[in-house]
Amino acid sequence: MSVNEIPALVDADWLATALQEGDIITVDTTVLSVARNGGGVEWLSGRDDFERQHIPGSRFADVLGAFSSPDAQLVFTRPDSDRFQAAARTLGISPNFRVVLYDNAINAFSARLWWLFRSFGHDRVAVLDGGLQAWKVAGHTLESGPAAPVDAGTFVADPQDGYFVDRSAVLAVVNGELPGTLVCALPPENPEVDSGFRGRPGRIPGSVSVPAADLLAPQTGTLALTTQFDAIARQDELVITYCGGGISASLDAFALTLLGYRNVTVYDGSLNEWVLDANAPLVVGAG
């Protein structure tokens with residue numbers, strides 16, 4: 001591995017050593033979900049949590065704001081090239097830097113930003129296995145307070161095909177017009193689905209349920225990939241992952257990529273978009 005390469009998944013000890021090499025930027029991607037009165041969830045910036053404790057030298061990525069489209073109808077819609085480039089530069093990221101992403105939950109937001117970085121042409125990006133919790137369990141130091149000011153980076157967004165699809169591609173799979181497998185990253189009986197998706201519970205017909213949380217070892221929060229994707233027979237077939245808003249779907253897509261699947265893409269609008277059409281089909285229960 002050359003000096004500027006990095007594995008897609010790294011552990012805490014690897015990161016602690018690599019930080020001494022000078023070309024690593026660690027980025028906290030935490031977003032908080034808070035139950036809303038009357039049902040559903042509200043998404044909040046994780047900046048306050050970041051300022052309470054973070055890996056030394058880390059920067060905070062505003063996945064909810066700076067790394068999402070401000071004009072889109074749906075939360076977490078992927079940004080355009082100019083917006084992503086500006087957000088990455090604000091974090092001090094340049095083409096020669098290696099980036100390690102983490103959060104304080106199940107790393108779904110880290111996987112989301114990993115997927116975005118790759119979709120904009122930056123391959124030198126990794127996810128910290130187990131996130132902030134793994135760093136703490138390994139006994140490494142923490143710091144608190146705002147991130148230190150950094151010089152703007154020179155990151156250049158270079159959009160790549162194949163990382164995202166829209167509703168038309170999903171509908172083509174549902175209708176049998178496009179070969180592929182749909183993977184739902186939500187639990188089969190999602191407790192938020194009744195209130196979170198306009199009173200229409202269920203999953204897209206024909207999809208396989210692989211909840212993102214089931215990809216993690218219960219005690220450590222690290223990835224434990226075993227038989228979750230066995231229903232997908234071939235590693236070269238089209239796989240479209242989705243969830244509520246494209247976040248848990250990104251963790252499934254990240255895991256599939258680690259396992260060697262070569263044609264994986266995320267339905268960015270996911271169920272938040274799908275249910276806008278009252279006639280869009282849904283089925284209840286596991287696939």
Among 182, 16, 57, which residue has its Cα positioned farthest towards the positive end of the charge dipole of the chain, with +1 placed on the Cβ of Lys and Arg, -1 on the Cβ of Asp and Glu, and the dipole taken about the Cα centre? 182
Computed Kirkwood radius, in angstrom, where 1/r is averaged over Cα pairs of the stretch 82-168: 14.4
With n ≥ 4 as the cut-off for DSSP H runs, can you work out [θ] at 222 nm for the chain, using -39500 (n - 2.57) per run divided by the number of residues, rounded to the nearest 500? -6500 deg cm²/dmol
In whole Å, largest first, what are the principal axis extents of the Cα atoms in the stretch 1-90? 49, 30, 21
If you find the alpha carbon centre of the stretch 209-287 and of the stretch 95-171, how far apart are they in angstrom? 18
Residue separation times 0.36 nm, minus the C-alpha to C-alpha distance between residue 151 and residue 219: what's the value? 20.6 nm
So what's the angle, to the nearest 10 degrees on a 0 to 90 scale, between helix 108-119 and the longest Cα principal axis of the chain? 90
Per residue, what accessible area does the chain have, given a 1.4 Å probe and all protein chains present, in Å²? 45
Please give the helix 248-258 orientation as an angle from the longest Cα principal axis of the chain, in degrees from 0 to 90, rounded to the nearest 10. 70
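Leaving ligands, DNA and RNA out of it, report the carbon-plus-sulfur percent of the accessible area of the chain at a 1.4 Å probe.
Details: 6140 of 12770 Å².
About 48 percent, which is the carbon plus sulfur part of the accessible surface.
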Cβ neighbours within 10 Å, averaged per peptide: list 221-233, 162-174, 255-267 in order, most packed at the top. 255-267, 162-174, 221-233
Could you give the spread of the C-alpha atoms of the chain along their three principal axes, from largest to smallest, in whole angstroms? 53, 44, 40
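With a cut-off of 8 Å between alpha carbons and a minimum separation of six or more residues, what is the relative contact order of the chain in percent?
Working: 598 pairs, mean separation 57.6, N = 287.
This gives 20 percent for the chain.
The values are calculated or read from the model by the stated rules, or taken from the named source; none is laboratory data. This structure is a prediction, so every number in the text was calculated from the model and none was measured. FYI the Cβ positions are ideal-geometry reconstructions off the backbone, even for glycines, and counts take in every protein chain you see. Just the protein is used for accessible areas: all its heavy atoms, side chains included, with ligands, DNA and RNA removed. Shrake-Rupley method; radii C 1.70, N 1.55, O 1.52, S 1.80 Å.
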